[in-house]
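Presented below is the structure to which this report refers.
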Ligand SMILES: Cc1ncc(COP(=O)(O)O)c(C=O)c1O
(Lines give C-alpha, C1' and ligand atoms only; values in the text may rest on other atoms or scores of the structure.)
Protein backbone atom coordinates (compact mmCIF):
# COMPACT_ATOMS: atom_id res chain seq x y z
CA UNK A 1 0.00 0.00 0.00
CA UNK A 2 1.29 3.48 -0.91
CA UNK A 3 2.12 5.74 2.03
CA UNK A 4 1.26 9.39 2.29
CA UNK A 5 4.81 10.73 1.92
CA UNK A 6 3.57 14.32 1.95
CA UNK A 7 2.46 13.86 5.55
CA UNK A 8 5.98 12.85 6.58
CA UNK A 9 7.75 15.85 4.99
CA UNK A 10 8.49 18.94 7.10
CA UNK A 11 6.16 21.87 6.43
CA UNK A 12 8.96 24.33 5.59
CA UNK A 13 10.44 21.86 3.07
CA UNK A 14 7.08 21.39 1.35
CA UNK A 15 6.91 25.18 0.92
CA UNK A 16 10.57 25.55 -0.10
CA UNK A 17 11.30 27.49 -3.27
CA UNK A 18 14.62 25.96 -4.34
CA UNK A 19 17.53 28.05 -5.58
CA UNK A 20 17.27 28.66 -9.28
CA UNK A 21 20.71 28.63 -10.87
CA UNK A 22 21.71 30.17 -14.18
CA UNK A 23 21.98 26.63 -15.56
CA UNK A 24 18.37 25.98 -14.56
CA UNK A 25 17.18 28.88 -16.61
CA UNK A 26 19.13 28.05 -19.79
CA UNK A 27 20.25 24.53 -20.59
CA UNK A 28 20.91 24.74 -24.34
CA UNK A 29 24.36 24.30 -25.88
CA UNK A 30 26.65 26.52 -28.00
CA UNK A 31 25.44 29.71 -26.37
CA UNK A 32 27.49 32.70 -25.28
CA UNK A 33 27.21 32.32 -21.54
CA UNK A 34 27.14 35.69 -19.82
CA UNK A 35 24.61 34.71 -17.19
CA UNK A 36 26.45 33.13 -14.22
CA UNK A 37 29.25 35.60 -13.44
CA UNK A 38 31.80 32.96 -14.38
CA UNK A 39 35.31 33.72 -15.59
CA UNK A 40 35.39 33.50 -19.42
CA UNK A 41 38.89 31.91 -19.25
CA UNK A 42 40.06 28.45 -18.14
CA UNK A 43 37.50 26.28 -19.96
CA UNK A 44 35.95 23.88 -19.18
CA UNK A 45 36.46 24.32 -15.42
CA UNK A 46 35.36 27.95 -15.50
CA UNK A 47 31.75 26.77 -15.86
CA UNK A 48 29.46 25.62 -13.07
CA UNK A 49 28.67 21.91 -13.31
CA UNK A 50 25.26 20.61 -14.38
CA UNK A 51 23.08 20.91 -11.23
CA UNK A 52 20.80 18.15 -12.57
CA UNK A 53 23.69 15.78 -13.35
CA UNK A 54 21.72 14.62 -16.39
CA UNK A 55 24.39 12.54 -18.15
CA UNK A 56 25.67 10.82 -15.02
CA UNK A 57 22.11 10.14 -13.91
CA UNK A 58 21.37 8.45 -17.22
CA UNK A 59 24.46 6.29 -16.90
CA UNK A 60 23.88 5.24 -13.27
CA UNK A 61 20.17 4.60 -13.92
CA UNK A 62 21.07 2.31 -16.78
CA UNK A 63 23.61 0.48 -14.65
CA UNK A 64 21.09 0.01 -11.84
CA UNK A 65 18.07 -0.72 -14.03
CA UNK A 66 16.02 2.17 -12.66
CA UNK A 67 14.41 5.35 -13.96
CA UNK A 68 16.44 8.58 -13.56
CA UNK A 69 13.51 10.08 -11.62
CA UNK A 70 14.15 7.45 -8.93
CA UNK A 71 17.78 8.55 -8.51
CA UNK A 72 19.50 11.15 -6.32
CA UNK A 73 23.29 11.46 -6.65
CA UNK A 74 25.29 13.05 -3.87
CA UNK A 75 28.67 13.89 -2.44
CA UNK A 76 28.93 10.38 -0.99
CA UNK A 77 25.92 8.59 0.46
CA UNK A 78 26.63 10.59 3.62
CA UNK A 79 25.07 13.59 1.85
CA UNK A 80 21.87 11.60 1.28
CA UNK A 81 21.74 10.61 4.97
CA UNK A 82 21.95 14.25 6.06
CA UNK A 83 19.38 15.37 3.47
CA UNK A 84 16.87 12.78 4.67
CA UNK A 85 17.07 14.20 8.20
CA UNK A 86 16.64 17.72 6.88
CA UNK A 87 13.67 16.81 4.70
CA UNK A 88 11.72 14.64 7.14
CA UNK A 89 12.68 15.49 10.73
CA UNK A 90 11.54 18.60 12.56
CA UNK A 91 14.51 19.51 14.82
CA UNK A 92 13.81 19.03 18.53
CA UNK A 93 10.50 17.31 17.80
CA UNK A 94 10.73 14.34 15.45
CA UNK A 95 12.88 11.27 15.95
CA UNK A 96 14.57 8.51 13.97
CA UNK A 97 15.23 4.85 14.78
CA UNK A 98 18.23 2.71 13.89
CA UNK A 99 19.61 -0.71 14.61
CA UNK A 100 22.56 -0.89 17.02
CA UNK A 101 25.47 -1.27 16.48
CA UNK A 102 25.59 0.29 13.04
CA UNK A 103 27.24 2.94 10.86
CA UNK A 104 28.12 5.98 12.98
CA UNK A 105 26.96 8.70 10.58
CA UNK A 106 23.26 8.18 11.36
CA UNK A 107 23.96 9.35 14.92
CA UNK A 108 26.14 12.27 13.77
CA UNK A 109 23.57 13.43 11.21
CA UNK A 110 20.81 13.09 13.84
CA UNK A 111 22.83 15.15 16.34
CA UNK A 112 23.62 17.86 13.79
CA UNK A 113 19.94 18.13 12.95
CA UNK A 114 18.85 18.02 16.63
CA UNK A 115 16.92 14.80 16.12
CA UNK A 116 16.70 12.04 18.72
CA UNK A 117 18.01 8.71 17.35
CA UNK A 118 16.52 5.72 19.16
CA UNK A 119 18.77 2.68 18.92
CA UNK A 120 17.38 -0.84 18.92
CA UNK A 121 20.06 -3.47 19.68
CA UNK A 122 20.49 -6.40 17.32
CA UNK A 123 19.62 -9.78 18.84
CA UNK A 124 20.85 -13.40 18.55
CA UNK A 125 24.08 -13.09 16.58
CA UNK A 126 23.27 -9.71 15.08
CA UNK A 127 19.74 -10.30 13.78
CA UNK A 128 17.00 -7.65 13.50
CA UNK A 129 14.73 -7.23 16.52
CA UNK A 130 11.59 -6.73 14.45
CA UNK A 131 9.26 -6.21 17.43
CA UNK A 132 11.78 -3.88 19.08
CA UNK A 133 12.06 -1.77 15.91
CA UNK A 134 8.30 -1.56 15.55
CA UNK A 135 7.83 -0.66 19.21
CA UNK A 136 10.50 2.07 18.97
CA UNK A 137 8.55 3.86 16.22
CA UNK A 138 6.01 6.41 17.48
CA UNK A 139 3.97 9.23 15.94
CA UNK A 140 7.08 11.41 15.70
CA UNK A 141 9.32 8.80 14.05
CA UNK A 142 10.15 9.79 10.50
CA UNK A 143 13.16 7.67 9.57
CA UNK A 144 14.23 4.07 10.24
CA UNK A 145 17.84 3.19 9.30
CA UNK A 146 18.78 -0.39 8.48
CA UNK A 147 22.28 -0.94 7.17
CA UNK A 148 22.53 -4.22 5.23
CA UNK A 149 25.21 -5.59 5.05
CA UNK A 150 25.71 -3.88 8.38
CA UNK A 151 28.80 -1.98 9.43
CA UNK A 152 30.47 -3.10 11.74
CA UNK A 153 28.77 -6.50 12.26
CA UNK A 154 29.34 -7.49 8.57
CA UNK A 155 26.15 -9.55 8.22
CA UNK A 156 23.12 -8.72 6.09
CA UNK A 157 19.46 -9.02 6.95
CA UNK A 158 16.57 -10.97 5.45
CA UNK A 159 15.10 -8.64 2.77
CA UNK A 160 11.60 -9.97 3.49
CA UNK A 161 11.85 -8.68 7.05
CA UNK A 162 12.89 -5.22 5.85
CA UNK A 163 10.06 -5.19 3.30
CA UNK A 164 7.67 -6.22 6.09
CA UNK A 165 8.77 -3.24 8.18
CA UNK A 166 8.37 -0.84 5.25
CA UNK A 167 4.88 -2.19 4.59
CA UNK A 168 3.81 -1.97 8.18
CA UNK A 169 5.33 1.30 9.38
CA UNK A 170 4.40 4.86 8.41
CA UNK A 171 8.02 5.98 8.34
CA UNK A 172 10.73 6.28 5.69
CA UNK A 173 12.73 3.05 5.79
CA UNK A 174 16.32 3.77 4.73
CA UNK A 175 18.30 0.69 3.72
CA UNK A 176 21.98 1.50 3.51
CA UNK A 177 23.49 -0.89 0.96
CA UNK A 178 27.04 0.53 0.91
CA UNK A 179 28.42 -3.05 0.88
CA UNK A 180 25.77 -4.70 -1.30
CA UNK A 181 28.22 -5.53 -4.12
CA UNK A 182 30.01 -7.94 -1.78
CA UNK A 183 26.79 -9.53 -0.53
CA UNK A 184 25.12 -12.84 -1.35
CA UNK A 185 21.78 -11.06 -1.10
CA UNK A 186 20.10 -8.98 -3.76
CA UNK A 187 19.62 -5.24 -3.46
CA UNK A 188 16.20 -3.96 -2.38
CA UNK A 189 16.31 -1.37 -5.20
CA UNK A 190 13.70 -3.28 -7.18
CA UNK A 191 11.21 -2.81 -4.30
CA UNK A 192 11.28 0.97 -4.55
CA UNK A 193 8.58 1.01 -7.25
CA UNK A 194 6.14 -0.79 -4.94
CA UNK A 195 7.19 0.75 -1.62
CA UNK A 196 7.16 4.53 -1.84
CA UNK A 197 8.54 4.87 1.73
CA UNK A 198 11.69 2.86 0.96
CA UNK A 199 15.02 4.62 0.30
CA UNK A 200 17.98 2.50 -0.82
CA UNK A 201 21.43 4.04 -0.38
CA UNK A 202 24.43 2.85 -2.36
CA UNK A 203 27.91 4.23 -2.95
CA UNK A 204 30.84 4.12 -5.33
CA UNK A 205 33.20 4.26 -2.32
CA UNK A 206 33.48 0.51 -1.78
CA UNK A 207 33.30 -2.03 -4.63
CA UNK A 208 33.94 0.67 -7.25
CA UNK A 209 37.11 1.85 -5.48
CA UNK A 210 36.13 5.53 -5.74
CA UNK A 211 35.95 6.75 -2.12
CA UNK A 212 38.24 9.64 -3.06
CA UNK A 213 35.91 11.23 -5.61
CA UNK A 214 32.90 11.23 -3.20
CA UNK A 215 29.98 9.74 -5.06
CA UNK A 216 26.98 8.04 -3.51
CA UNK A 217 23.33 7.77 -4.41
CA UNK A 218 19.81 7.14 -3.22
CA UNK A 219 17.14 5.17 -5.06
CA UNK A 220 13.58 6.01 -4.03
CA UNK A 221 10.13 7.03 -5.24
CA UNK A 222 10.18 10.18 -7.44
CA UNK A 223 8.28 12.13 -4.76
CA UNK A 224 11.18 11.66 -2.31
CA UNK A 225 13.90 12.15 -4.95
CA UNK A 226 12.35 15.43 -6.06
CA UNK A 227 12.62 16.83 -2.49
CA UNK A 228 16.23 15.66 -2.26
CA UNK A 229 16.92 17.56 -5.49
CA UNK A 230 15.34 20.71 -4.04
CA UNK A 231 17.18 20.63 -0.70
CA UNK A 232 20.68 19.71 -1.92
CA UNK A 233 23.22 22.42 -2.73
CA UNK A 234 22.71 23.29 -6.41
CA UNK A 235 26.20 22.13 -7.40
CA UNK A 236 26.70 19.28 -4.94
CA UNK A 237 28.67 17.26 -7.50
CA UNK A 238 31.70 18.85 -9.11
CA UNK A 239 32.74 18.49 -12.72
CA UNK A 240 35.88 16.44 -11.97
CA UNK A 241 33.90 13.87 -9.99
CA UNK A 242 31.21 13.57 -12.65
CA UNK A 243 33.67 13.27 -15.53
CA UNK A 244 35.79 10.73 -13.71
CA UNK A 245 32.71 8.76 -12.62
CA UNK A 246 31.39 8.54 -16.18
CA UNK A 247 34.70 7.12 -17.36
CA UNK A 248 34.89 4.73 -14.39
CA UNK A 249 31.39 3.38 -15.01
CA UNK A 250 32.73 1.76 -18.14
CA UNK A 251 34.96 -0.41 -15.90
CA UNK A 252 32.29 -2.86 -14.78
CA UNK A 253 34.50 -5.84 -15.74
CA UNK A 254 37.41 -4.53 -13.70
CA UNK A 255 35.10 -3.91 -10.73
CA UNK A 256 33.71 -7.45 -10.97
CA UNK A 257 37.27 -8.76 -10.92
CA UNK A 258 38.08 -6.67 -7.82
CA UNK A 259 34.98 -8.00 -6.07
CA UNK A 260 35.95 -11.56 -6.94
CA UNK A 261 39.50 -11.00 -5.62
CA UNK A 262 38.22 -9.42 -2.40
CA UNK A 263 35.73 -12.23 -1.78
CA UNK A 264 38.40 -14.86 -2.36
CA UNK A 265 40.77 -13.03 -0.01
CA UNK A 266 37.99 -12.63 2.57
CA UNK A 267 37.54 -16.42 2.73
CA UNK A 268 41.25 -17.02 2.92
CA UNK A 269 41.77 -14.38 5.64
CA UNK A 270 38.81 -15.73 7.61
CA UNK A 271 40.25 -19.24 7.53
CA UNK A 272 43.69 -18.07 8.61
CA UNK A 273 42.44 -15.77 11.38
CA UNK A 274 40.50 -18.64 12.94
CA UNK A 275 43.79 -20.50 13.47
CA UNK A 276 45.31 -17.93 15.84
CA UNK A 277 44.91 -18.93 19.46
CA UNK A 278 44.01 -15.38 20.58
CA UNK A 279 41.17 -15.15 18.03
CA UNK A 280 37.91 -16.11 19.69
CA UNK A 281 35.53 -15.62 16.79
CA UNK A 282 35.42 -14.43 13.20
CA UNK A 283 31.86 -13.37 12.46
CA UNK A 284 30.42 -14.53 9.11
CA UNK A 285 30.81 -11.64 6.67
CA UNK A 286 28.70 -10.46 3.75
CA UNK A 287 30.88 -7.37 3.19
CA UNK A 288 34.50 -6.46 2.39
CA UNK A 289 35.59 -6.59 6.03
CA UNK A 290 35.71 -9.04 8.90
CA UNK A 291 34.64 -8.47 12.49
CA UNK A 292 37.07 -10.44 14.61
CA UNK A 293 36.75 -11.07 18.34
CA UNK A 294 40.15 -11.40 20.00
CA UNK A 295 41.60 -11.68 23.47
CA UNK A 296 43.10 -8.34 24.58
CA UNK A 297 41.90 -6.31 21.56
CA UNK A 298 43.73 -3.11 22.55
CA UNK A 299 47.01 -4.99 22.80
CA UNK A 300 46.52 -6.58 19.37
CA UNK A 301 45.48 -3.21 17.92
CA UNK A 302 48.54 -1.40 19.34
CA UNK A 303 50.86 -4.18 18.24
CA UNK A 304 49.57 -3.83 14.67
CA UNK A 305 49.93 -0.04 14.82
CA UNK A 306 53.58 -0.52 15.79
CA UNK A 307 53.93 -2.60 12.63
CA UNK A 308 52.20 0.21 10.71
CA UNK A 309 49.10 -1.89 10.07
CA UNK A 310 45.89 -0.04 10.91
CA UNK A 311 42.66 -1.89 11.67
CA UNK A 312 39.59 -0.45 13.39
CA UNK A 313 39.19 -0.99 17.12
CA UNK A 314 35.48 -1.65 17.71
CA UNK A 315 35.99 -3.25 21.13
CA UNK A 316 34.22 -0.41 22.99
CA UNK A 317 31.05 -0.77 20.95
CA UNK A 318 28.15 -2.57 22.58
CA UNK A 319 27.70 -6.13 21.25
CA UNK A 320 31.12 -5.89 19.56
CA UNK A 321 33.10 -6.17 22.81
CA UNK A 322 36.59 -7.49 22.16
CA UNK A 323 36.33 -7.01 18.41
CA UNK A 324 38.49 -5.49 15.71
CA UNK A 325 37.17 -4.64 12.27
CA UNK A 326 39.57 -5.63 9.53
CA UNK A 327 39.14 -4.51 5.93
CA UNK A 328 40.12 -7.13 3.36
CA UNK A 329 43.16 -5.82 1.48
CA UNK A 330 45.23 -7.07 -1.44
CA UNK A 331 46.93 -10.49 -1.22
CA UNK A 332 50.14 -8.71 -0.21
CA UNK A 333 48.48 -6.53 2.43
CA UNK A 334 46.67 -9.52 3.94
CA UNK A 335 49.93 -11.51 4.04
CA UNK A 336 51.58 -8.63 5.89
CA UNK A 337 48.74 -8.69 8.42
CA UNK A 338 48.93 -12.48 8.80
CA UNK A 339 52.67 -12.33 9.35
CA UNK A 340 52.32 -9.63 12.01
CA UNK A 341 49.60 -11.59 13.82
CA UNK A 342 51.72 -14.74 13.70
CA UNK A 343 54.57 -12.78 15.30
CA UNK A 344 52.15 -11.42 17.94
CA UNK A 345 51.09 -14.97 18.73
CA UNK A 346 54.72 -16.07 19.14
CA UNK A 347 55.71 -13.05 21.26
CA UNK A 348 52.71 -12.70 23.53
CA UNK A 349 50.47 -15.75 23.39
CA UNK A 350 52.73 -18.78 23.15
CA UNK A 351 55.31 -17.31 25.58
CA UNK A 352 52.54 -16.83 28.19
CA UNK A 353 51.24 -20.35 27.69
CA UNK A 354 54.56 -22.10 28.43
C1 LIG B 1 27.29 1.66 5.92
C2 LIG B 1 27.97 2.82 5.29
N3 LIG B 1 27.24 3.72 4.62
C4 LIG B 1 27.81 4.77 4.03
C5 LIG B 1 29.16 4.97 4.09
C6 LIG B 1 29.75 6.19 3.46
O7 LIG B 1 29.61 6.16 2.12
P8 LIG B 1 30.09 7.37 1.22
O9 LIG B 1 31.57 7.26 1.07
O10 LIG B 1 29.35 7.17 -0.05
O11 LIG B 1 29.68 8.64 1.94
C12 LIG B 1 29.97 4.06 4.77
C13 LIG B 1 31.42 4.27 4.86
O14 LIG B 1 32.17 3.60 5.49
C15 LIG B 1 29.35 2.96 5.39
O16 LIG B 1 30.06 2.06 6.08
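Checking each residue in segment 161-172 for being over 20 Å from the mean Cα position of the chain (by Cα) and free of Cβ contacts under 8 Å to residues at least 40 places away in the same chain picks out 164, 168, 169. Residue 248 meets the conditions (1) buried (at least 16 other Cβ atoms within 10 Å of the Cβ); (2) touching a residue at least 60 places away in the same chain (Cβ under 8 Å); (3) not in a strand (DSSP E or B) in every case but one. The failed one is (2).
For segment 68-107, the set of residues classified as free of Cβ contacts under 8 Å to residues at least 40 places away in the same chain, surrounded by fewer than 17 Cβ atoms within 10 Å (Cβ to Cβ) and either more than 16 Å from the ligand (Cβ to nearest atom) or assigned by TED's automatic domain parsing to the domain that holds residue 317 (or both) consists of 91, 92, listed by residue number.
Number of residues in segment 324-340 that are in contact (Cβ under 8 Å) with a residue 40 or more places away in the chain and over 21 Å from the mean Cα position of the chain (by Cα): the value is 5. Residues that are surrounded by fewer than 19 Cβ atoms within 10 Å (Cβ to Cβ) and out of contact with any helix residue (DSSP H, G or I) (no Cβ under 6 Å at 6 or more places or on another chain) within segment 211-228 comprise 211, 212, 226, listed in sequence order. All of (1) farther than 28 Å from residue 210 by Cα; (2) more than 22 Å from the chain's Cα centre (by Cα) hold for residue 318 with one exception: (2).
Each row is one residue, and each column tells you yes or no for (1) assigned to a helix (DSSP H, G or I); (2) closer than 21 Å to residue 186 by Cβ; (3) modelled with pLDDT of 95 or more; (4) not assigned by TED's automatic domain parsing to the domain that holds residue 187.
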residue: 243; (1), (2), (3), (4): yes, no, yes, no
residue: 284; (1), (2), (3), (4): no, yes, yes, yes
residue: 287; (1), (2), (3), (4): no, yes, yes, yes
residue: 299; (1), (2), (3), (4): yes, no, yes, yes
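The requirement of being farther than 30 Å from residue 241 by Cα, away from the ligand (no atom under 16 Å from the Cβ) and buried (at least 21 other Cβ atoms within 10 Å of the Cβ) is fulfilled somewhere in segment 171-186, by at least one residue. If residue 36 satisfies every condition in (1) under 17 Å from the mean Cα position of the chain (by Cα); (2) assigned to a loop (DSSP other than H, G, I, E, B); (3) away from the ligand (no atom under 15 Å from the Cβ) but one, which is the exception? With respect to (1) under 17 Å from the mean Cα position of the chain (by Cα); (2) assigned to a loop (DSSP other than H, G, I, E, B); (3) away from the ligand (no atom under 15 Å from the Cβ), residue 36 is out only on (1). Among the residues of this structure, residue 205 counts as one that is under 29 Å from residue 44 (Cβ atoms) and within 15 Å of the ligand (Cβ to nearest atom).
The values are calculated or read from the model by the stated rules, or taken from the named source; none is laboratory data. Remember, predicted model here, so these are calculated numbers, not experimental data. Heads up, the Cβs are rebuilt from the backbone with ideal geometry, glycines too, and the neighbour counts pull from every protein chain shown.
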